[in-house]
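Nothing in this text is a laboratory measurement; each read-out follows from the coordinates by a stated rule. These figures come from a predicted structure and were not determined experimentally. No Cβ is skipped: glycine too gets one built from the backbone with ideal geometry, and neighbour counts run over all protein chains shown.
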Amino acid sequence: MSKSLNKKFHLAENIFDSPDQVPARNGYGEGVVEAGKADDNVVVLCCDLTESTRNADFKEAFPNRFIEIGIAEQNMAGIGAGLAFAGKVPFISSYATFNPGRNWDQIRVSICYSMANVKIMGAHAGISVGPDGATHQAMEDIAITRCLPNLTVIVPTDYWETKKAAIAIAKIDSPVYMRFGREKIPVITTEKTPFQIGRADTFRNGKDVTVVACGSLVYEALVAAEKLSKSGIDVRVINCHTIKPIDEKTIIKAANETGAIVTAEEHQVHGGLGNAVAEVVAKNSPVPMEYVAMMDRFGESGEPNELMQKFGLDSKGIVSAIEKVLKRK
């Protein structure tokens, strides 16, 4: 393990040497079962995608608290809101292109405006959905949820963090959107790694430049930082799993101390993590910034890793952005 990794976060020992690969959605599936064990009011609604969204275990454990809605995401959001007002803690789940993509109006009015305690689960997010193609690659979901009042937005980095997030959001009395992907991704956190909604975690210390990342791009940022350390570039890596409310204190501190920021996300360049960070930086501590994201275009069909590489959503793309921002520092 690199000496620059922050020991207090108990990151996996094998991050840079064949890390375990597990889909983040598995963490959601296990986490929502744990939430259900802790609270009898937790219920799960799904739109004909029980296995894909990893709700099968909850259905088996709590068959009377699982509701199959069918392919009707707008109805699911309305029913979820009604259940919330009846005292339940509903998790409504589908692919992120449909939830929040197809039912945004119901999420806006029935859930957010009404402050209904609904947990919106967007599975199969990002371009790493792969062969399903552009129609199923949710690349805009952070943008359309981040703008909604009263809504917390979370993008966990791996299996363990997704599991912890699912358990944590069941305990707060407010609407939440959480996105996670389909593909196996490196497991970089552990059972001991702390997780707190609203707090960004500095996984790697550094003084020359900061990478603020979310989701699977946190791992890629750590790999990029390790590569650049060999040429004397000291990169700080922040895991910003909570997009809203964003941890302004940690971001401002990084801007002041490193003087340059790169953001990295599996999302459109407009409206996502990059813009959220830029809003904080521009207001409080302006420094040069570069973005690693989908550059205002739709995806295409292909193998997940090939697509991530093609569109620069990997460690190589992050290295390039770091080198570019350092020239502007």
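For the chain, give me the percentage of DSSP beta bridges that are antiparallel, rounded to the nearest 5 percent. Bridges in the chain that DSSP calls antiparallel: roughly 20 percent. Cα centroid separation, the range 112-149 to the range 257-329: 19 Å.
Rounded to the nearest 500 deg cm²/dmol, what is the calculated helix-only ellipticity per residue at 222 nm for the chain, with -39500 (n - 2.57) per DSSP H run of length n ≥ 4?
On the way: 10 runs with 108 residues, N = 329.
Rounded to the nearest 500, the figure is -10000 deg cm²/dmol.
Annotation: amide H-H contacts under 5 Å for residue 122 (H modelled 1.01 Å from N, sequence separation of 5 or more, or interchain): 178, 179, 180. Taking 224, 72, 254 in turn, the Gaussian network model of the chain (Cα-Cα springs below 10 Å) assigns the largest fluctuation to 72.
Quick check: from the Cα gyration tensor, does the range 22-185 come out rounded (a/c under 1.5), prolate or oblate?
Values: a/c = 1.39, a/b = 1.11, b/c = 1.26.
Here the range 22-185 falls in the rounded category.
For the range 22-185, the share of DSSP beta bridges that are antiparallel, to the nearest 5, is 10%. Between helix 273-284 and the chain there is an angle of about 60 degrees, using the helix long axis and the longest principal axis of the Cα atoms. For the chain, the longest principal axis of the alpha carbon atoms and the long axis of helix 24-38 meet at an angle near 50°. Database remark: amide H of residue 267 closer than 5 angstrom to the amide H of 294 (H placed geometrically; neighbours at sequence offset of 5 or more, or on other chains; Pro and chain starts carry no H).
Let me know the number of lysine pairs in the range 22-185 closer than 19 Å at the Cα, not counting same-chain pairs under 8 apart. So the count works out to 17.
Please arrange 199, 25 by how many other C-beta atoms lie within 10 Å of their C-beta, fewest to most.
Numbers: 199 15, 25 24.
If I rank by nearby Cβ atoms, fewest first, I get 199, 25.
Size of the chain from its Cα atoms: along the principal axes, largest to smallest, the extents are 58, 38, 37 Å. Listed values for the range 122-136 are Karplus-derived 3J(HN,Hα) couplings in whole Hz (6.51 cos²θ - 1.76 cosθ + 1.60, θ = phi - 60°), namely x, 8, 6, 7, x, 6, 6, 4, x, x, 5, x, 4, 5, 10, and x replaces Gly and Pro.
To the nearest ten degrees, helix 159-169 and the longest principal axis of the Cα atoms of the chain are 50 degrees apart.
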